[in-house]
Structure formats: C-alpha cells, structure tokens
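Notes follow the structure.
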Amino acid sequence: MDKFKQNIAPYLFIAPAIIVLLLFAILPILIAFGISFTDMNLLGLADWANINFIGFDNFARLFQDKAFIQAIGNTFYYVIIGVPLAVLASFLVALALSYVSNWLSSVFRVVFYMPSITNIVAIAVVWGFLYNKEYGLFNYMLSLINVDAISWLDNPAIAKLSLIMLAVWKSTGVSMLIFLAALQSIPKSYYEAADIDGANGWQKLINITLPSMSFATFFVIVTTLIGWLQFFEEPFVMTEGGPLGSTTSMALFIYQEGFQYSEFGYGAAASFVLFIIIILVTVLQFKLRKSEDKS
C-alpha cells in the first residue's frame, strides 16, 4: 500500500495541470479539428441538425481563396522582416544594458519592458496619432527635412512595414530580458582571458558572447517566430486587415471568417493550416539546431 501511494503521489500533484491542459487546450483543439470538416456556422449553433459533414471541402476551398493566399503571403512577409528585426533589436538593447551601471540598467529594463505589458488598444491609440498623415509626429519630423507626408496605414506597401515597426517596438522587452540574463551568465573570466590575448571588442563578441548564449538565442528565435506566425493584434486594432487586405494575417483571417462572418467550419480549417505551418517551422528549427550541435 505504501509503495502504491509513493507511485501515485507524483501523478496527483500534476493532475490539476493535466486536467486544465485537457479541458482548455487539447479538447478545444480536437473540437475545432472536427468542426473543420463541417459547414458549421452561426445557424448550426442553434440547430445541430443544420450541420453537415463536408470532408476536406473547407481545406480545398481555402487554397482557392485569394484572400487566404494573400493572408499567407502577408504572414510570411511579417515573419521574414519582423523576426530578424525583433531578435536583433532585443539583442542590441540587452547588449547595451549589459555595459551600463546596475541602477541605470534596472531603469531601462522597466522602460523597455513596459510596452510588452501595455494594452494593445492603448498602444494603438498612441501610435494612431504618431502615424496620422495630417498631424502625426512621424510626418512632422519628415516635414522638417522637406519630405512629403507618408500615408503610413493607407498605403498597402507601407502599412505592413508600419505594423512591423509597431510590433518590434512592443515585443522588444520580453526577448531583451532573456538576452540580458544570458549575457550576465557568461563568466567574466572568458573576457579577462581574451583581454590578456589582446582580443578587441568585436572578436570577443563573435568568439565569446554569441557562442555562449546560443541556447538563449535559439529559444528567442523559436518563440519569436511562433509569435509572428500568429500575428494578430496589430493588424486587427490598427488596420482591420486593410487597405485592400494588404495587412490581413492568417490569424486575422481566421478571426474574420470564424467570428465576423460566422463561418466556423471554414475558420477552423484555416486555423489548422496555420497550426501545421507552425509545427513544421518549429520542427525544422529543432532539426537545424541539432545539425549545428553535431557539427
């Protein structure tokens, strides 16, 4: 009996977490997966008899939908440009803070982290004023050097870059803290030995700093990439996917189809396409990481 209690005790401790995970993560995923094979809509919620199983029709329809194809392109545009900028900005800020005094570093850590926990609606209001074509701060600064006003959120080509700039500014704080912790964990003896050997700052960065924080860098890249693949809040609040769908991400497309147009089955199918993309990209990153470790 005592042995049985010893064996069951660990499972009792993790049971609450497992139950929460099953109820609020695994079960909704399975339900959404089932819905993706139906034509479920708002009417179907009231009368389940109106729900029909349509197989892979939703998935076939997705890849014939120009709006969805555009959303995929927009999402990868955000990822290709936004992820390197976000990771680089976070690293540079962390590197700069590692060279200042402790109290000043603490102040700026708070300053850079604040946007990450600020409500996106409040941020959208502020940045909406900054981007305003008539009286926005950015256009005012451009006017000082005789540059014409830019339609930051009305031009399809510029709108995506405007959202990327906002998202990079908002997300820098979290990754910055991870990088800063990794930088502070590097033994100072490494740098002292490099100084004795006559290494300059660039050589210490390339040969000591970056290799020593490779795991932190990998973690930041993976989490940042997953976050940008699910890019939603910025286009939802700032542009609602416009102009002409140029800022619609896959996550925003899923929201619009599922909750604005009440096409739950179609939206669920789109969400699983995004889910598969995230899984494939994450697995690829881990494969690349393993191959680098072996080499």
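The values are calculated or read from the model by the stated rules, or taken from the named source; none is laboratory data. The structure presented is a predicted model; accordingly, all values stated were derived computationally and were not measured. Don't worry about glycine lacking a Cβ; one is built from the backbone with ideal geometry, like all the others, and counts go over all protein chains shown.
What are the residue pairs meeting all of these: first residue in segment 147-169, first residue farther than 10 Å from Thr247 by Cα and in contact (Cβ under 8 Å) with a residue 24 or more places away in the chain, second residue outside any helix (DSSP H, G or I) and among the charged types (D, E, K, R), Cβ atoms under 9 Å, and 6 or more apart or on different chains?
What qualifies is Asp154/Lys133.
Just to be sure, is Ala194 closer than 22 Å to Leu95 by Cβ, over 16 Å from the mean Cα position of the chain (by Cα) and modelled with pLDDT of 90 or more?
The answer is no for Ala194.
I'd like the full set of residues that are outside any helix (DSSP H, G or I) and in contact with a Ser or Thr (Cβ under 6 Å, 6 or more places away or on another chain), limited to segment 177-192.
Ile186
With the structure loaded, tell me whether Val174 is out of contact with any Leu (no Cβ under 8 Å at 6 or more places or on another chain), under 22 Å from Ile226 (Cβ atoms), hydrophobic (A, V, I, L, M, F, W, C) and assigned to a helix (DSSP H, G or I) or whether it fails that test.
When the stated conditions are applied, Val174 passes them.
Output the residues belonging to segment 98-113 that are closer than 13 Å to Thr172 by Cα and surrounded by 12 or more Cβ atoms within 10 Å (Cβ to Cβ).
Phe108, Arg109, Phe112, Tyr113, listed by residue number.
Determine, yes or no, whether Ser162 is within 15 Å of the chain's Cα centre (by Cα) and either in a helix (DSSP H, G or I) or not small (Gly, Ala, Ser) (or both).
no
Of the numbered conditions (1) surrounded by fewer than 19 Cβ atoms within 10 Å (Cβ to Cβ); (2) at pLDDT 90 or above; (3) of a type in the set (A, V, I, L, M, F, W, C), Leu244 fails exactly one; give the number of that condition.
So Leu244 meets the others, but not (2).
Please tell me if Phe218 is within 17 Å of the chain's Cα centre (by Cα) and surrounded by 17 or more Cβ atoms within 10 Å (Cβ to Cβ).
no
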